[in-house]
Amino acid sequence: MLNFLIYIAVAIFVLVLLAKFVKYSTMPIHLRWEIYPVPHDPGHEHGGSYYEGVSWWAKPRLKTLAGELKEMLMEMLFIKRVFTYKRPLWWLTYPFHTGIYLILVWFVLLFISALIDIFAIGILKMPVYYLTLVVGSIAIILLLIFSLALFIRRVSDWELRSYSSFLDYFNLIFIFAVVLTGALAWQKDFDFTIAKDYMKALITFSSPPTVSLETQIHIALLSLLLIYLPFTKMTHFLTKWFTYHKILWEDEPVIGSEMEEKLKKYLTGFKVKWSAPHVDPNLNWAEEASRCDLAGKCEVKL
Amino acid sequence: MRERIAIQDIAKKEEQLVKITLEDLIKLPPPYDKPGMEPNVTEPKPEWNQNYVTELDGYVAIDIPWKPKNKEEEEAMVQKFINGLKKLMDKEANWTFLQPLLLSLEYCARCQTCSDACHVYISSGRKEIYRPTYRAEILRRLIKKISSGGNFKTKFLGDVDLNAKTILRLAECAYRCNICRRCAQYCPLGLDNGLITREIRKLFAQEFGVAPQALHAQGTVKHLTTGSSTGLTPDGLKDMIEFFEEEIKEKTGKNIKIPVDEKGSDILLIHNAGEFLSWPENVEAFAIIFEEAGLDWTLSSEMVGYDAVNYGVWYDDVQLSRIALKHAEIARKLDVNRIVVGECGHAHKAITVVADRVLVGEYQIPRESCLPILWDIVRTKKLNLDPNKNDFPVTLHDPCNVVRLMGIVEPQRKILKEICPKFREMKPNGVYNYCCGGGSGFAIMTSMNFPEFRNKVSSRMKFKQILDAFQDNISPEVKKYVCAPCSNCKGAIRDILSHYNATANCGIHYGGLVELIVNAMVDIEQPYIEMF
Ligand code: SF4
Ligand code: SF4
């Protein structure tokens, strides 16, 4: 029964995330709205762009992947912007996010240990065993302390409280509950052997080991979190990819790109729909922009 | 006093939500650290309240009477607003910004990291209604409310009442942000509260037809119908050109013929038409430099073609597209290779960046900034320049639209380092600059008491930066120059200097970049820049 819930949870998690990804990637190309520094521009150190050179369109456009990777990793691994601009919050949010990363690493390690067992790769057994132990312990402690700390800060700081909704608190409490039950389960399985056996059972579709009540509650809650999470804004790890890569760092000019056909479709296929006096809601964007006799005497045609 | 304004208050409170006081504003450096150095804040006239929204902070940006007079009108307003919200979320009606809008609405962690980026919020003494997330949070809650049908779900997501008060205050509040997008640089999730401001403005403009007159009726509409938002007509332009040529002759002894409507030129140079009227020396300096450097260029005298502004970029996608297309059409008819934008920041961004994706096919004519061209001219020594002629302290203001939002950072600095021996930077600068406070239309919005908001609050950080940059030489005897290569920034800085009487008190003057280049030209005897 519990196994079934886990499979369902993982499936829902993956599918909903995928659906979100598809939703955002299939939205129309938006007008350009980047912000500098754009880290793939060779001039990014000083915030520069290809517009700094004369006749930019006549030159090959250079991009540095390294610049982009560095900026991405700084944000992903160190939460650079909060570190730079809101240090007091960083001391709480950074350990919390580190806890999340570590717990993910821990799951991967469990998975690897299970495989090691299944395929009897003796030589890797002990190193992975200790690594799992260390990573798992640190992760649980970090998450336990800092999910609570973030909750307390959200309640006690007026600046955060007055903007927070019930769900903001609920999310933190939910995570805290999952971690707390996890920590209790850990007391019964200090070196994660049962956890590993459980993972083995999941991989091999066999029946899981008997686990404590705490563990059962933990597994149930964790599965519910997995189901709940993709529907919430906690999926910002995914959408961040869009905000940075597809908006703030997206500096692709129409000249020399392949987007023109799509743009023409929007311009001639999409109705403007707005109803202010200077807009005719029944026209498409191209007609609206070129037949602007509601506000002026444009004669241009597209 | 720092009022604690809750999100709900926008819909509930009868009285003005916040009040600006001198005590709350950020402190200024000497000599403005002493009391009595700046004018006090004024009260809105009581009768304004009849027609205009003074219930936010007492200032009025939207200077058209649009308050509902009775219950029916209020209900109609709410319904119209709901229609507008739906269109913001619509793939066709808002294809232009749907993806960035949805992401910024859905994923805010309410961590408030962005607040410390905002010069309006900080300068005001951290008044809640100017916080970058304030208007965003209201829009977010209203959209959730509408899309969930106003059911119990809104209680969990955070609620705000939707009534006429909310709508009126939200519209005013959308004109308390310069859309400088500095806050978006701070956001760990890459969200953009400046964009949300613009989306709110769009809703009111595109659905209600409501926007400050300076932007809409006297802005884009006038631009498209008379040729320029300044009201300058093609005939008027031609007269001015003659006057410019005479003035160049008088000031520099040079015989320069300003090319107009010359088909097949390499460059179509478009200025902000405000320059023609307020700062002709800028237009003249461009003519001197381009002619001396031997560029093949022309101005256009066709309607719209001699005014680079595109106020649509601040509040309306339809007007943005119309003006951009018109500019492209004029360039196409003149058969030029490229459009070059003069010293006007928002026009830079509008035509090169934001409107890029509404120009397709034959309208996709290359567009670029004047700044790299000017640096090229200085770098390759096409002009004989003597930096000692600019022997006064100079600092540089970075127009957000050119720098943070377009990535043109170095050319203007390289020029100044080359020709101004006493050049010093403001802090912070470059892509992390602060807005002049005139951004997103504020510089040209002069109705009622709005200039007071600009001078006291939105431009205050810039004034502080200017004073800080000149602290080593702050006495009025030393003439100093703030270089602002952007018409609207110049307008805002002109107003700051006059509001705080800083030219008399500190000897601070302002102007563009090309004036400094011409001022350094060896063969011009009289100083081109006059500071008195
Ligand atoms: S865009 Fe600029 S003015 Fe507007 S909220 Fe952000 S930082 Fe403040
Ligand atoms: S920094 Fe970003 S996530 Fe944090 S409150 Fe501001 S917009 Fe929201």
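The values are calculated or read from the model by the stated rules, or taken from the named source; none is laboratory data. Since the model is a prediction, treat every value here as computed from it, not as a measurement. As a convention, Cβ positions derive from the backbone with ideal geometry for all residues, glycine included, and neighbour counts pool all protein chains shown.
Overview of values
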| read-out | value |
| --- | --- |
| Residues within the stretch B:353-374 that are more than 7 Å from chain A (Cβ to nearest Cβ) and under 16 Å from residue B:486 (Cα atoms), tallied | 3 |
| Residues that are among the hydrophobic types (A, V, I, L, M, F, W, C) and more than 8 Å from chain B (Cβ to nearest Cβ), drawn from the stretch A:281-292 | A:283, A:286 |
| Of the criteria (1) within 16 Å of ligand 2 (Cβ to nearest atom); (2) at pLDDT below 95, which one residue B:361 fails | (1) |
| Output for the stretch B:204-240, where each listed residue is on the phi > 0 side of the Ramachandran plot and within 12 Å of chain A (Cβ to nearest Cβ) | B:209, B:227 |
| Inter-residue pairs, beta-carbon under 6 Å, first buried (at least 17 other Cβ atoms within 10 Å of the Cβ) and in the stretch A:131-156, second outside any helix (DSSP H, G or I), 6+ apart | A:132/A:192; A:136/A:192; A:154/A:164 |
| Those residues of the stretch B:103-113 which are near ligand 2 (Cβ under 9 Å from one of its atoms) and free of Cβ contacts under 8 Å to residues at least 40 places away in the same chain, in sequence order | B:110, B:112 |
| Unmet criterion (only one of (1) hydrophobic (A, V, I, L, M, F, W, C); (2) at pLDDT below 95; (3) part of a helix (DSSP H, G or I)) for residue A:62 | (3) |
| Checking residue A:58 against (1) loosely packed, with under 15 Cβ neighbours inside 10 Å; (2) in contact with a strand residue (DSSP E or B) (Cβ under 8 Å, 6 or more places away or on another chain), the condition it does not meet | (2) |
| Condition broken by residue B:191, with the remaining ones in (1) more than 11 Å from ligand 2 (Cβ to nearest atom); (2) within 13 Å of another protein chain (Cβ to nearest Cβ) satisfied | (1) |
| Qualifying positions in the stretch A:253-280 - more than 7 Å from chain B (Cβ to nearest Cβ) and free of Cβ contacts under 8 Å to residues at least 60 places away in the same chain | A:257, A:258, A:261, A:265, A:268, A:269, A:280 |
| Qualifying residue in the stretch B:300-322 (condition: aliphatic (A, V, I, L, M), in a strand (DSSP E or B), touching a residue at least 12 places away in the same chain (Cβ under 8 Å) and in contact with an Asp or Glu (Cβ under 9 Å, 6 or more places away or on another chain)) | no |
| Residue in the stretch B:181-198 that is away from ligand 1 (no atom under 16 Å from the Cβ), under 22 Å from residue A:33 (Cα atoms) and not assigned by TED's automatic domain parsing to the domain that holds residue B:441 present | no |
| Among the residues listed as B:415, B:408, B:373, the single one being buried (at least 21 other Cβ atoms within 10 Å of the Cβ) and either assigned to a loop (DSSP other than H, G, I, E, B) or of a type in the set (Ser, Thr, Tyr) (or both) | B:408 |
| Tally, over the stretch A:3-42, of residues that are at the interface with chain B (Cβ under 7 Å from one of its Cβ atoms) and part of a loop (DSSP other than H, G, I, E, B) | 12 |
| Flag if residue B:243 is among the aromatic types (Phe, Trp, Tyr) and crowded, with 24+ Cβ neighbours inside 10 Å | no |
| Criterion: over 29 Å from residue B:313 (Cα atoms) and over 26 Å from the mean Cα position of the chain (by Cα) - qualifying residue of B:91, B:71, B:27 | B:71 |
| Scope the stretch B:276-311; condition of a type in the set (D, E, K, R) and buried (at least 24 other Cβ atoms within 10 Å of the Cβ); matching residues | B:284, B:307 |
| Subset of the stretch B:114-126 [surrounded by fewer than 24 Cβ atoms within 10 Å (Cβ to Cβ) and either more than 10 Å from ligand 2 (Cβ to nearest atom) or hydroxyl-bearing (Ser, Thr, Tyr) (or both)] | B:115, B:122, B:125, B:126 |
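Residues checked against (1) in the same structural domain as residue B:332 (by TED's automatic domain parsing); (2) touching a residue at least 12 places away in the same chain (Cβ under 8 Å); (3) closer than 25 Å to residue B:62 by Cα:
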site	(1), (2), (3)
B:223	yes, yes, yes
B:227	yes, yes, yes
B:236	yes, no, no
B:247	yes, yes, no
B:251	yes, yes, no
B:274	yes, yes, yes
B:282	yes, yes, no
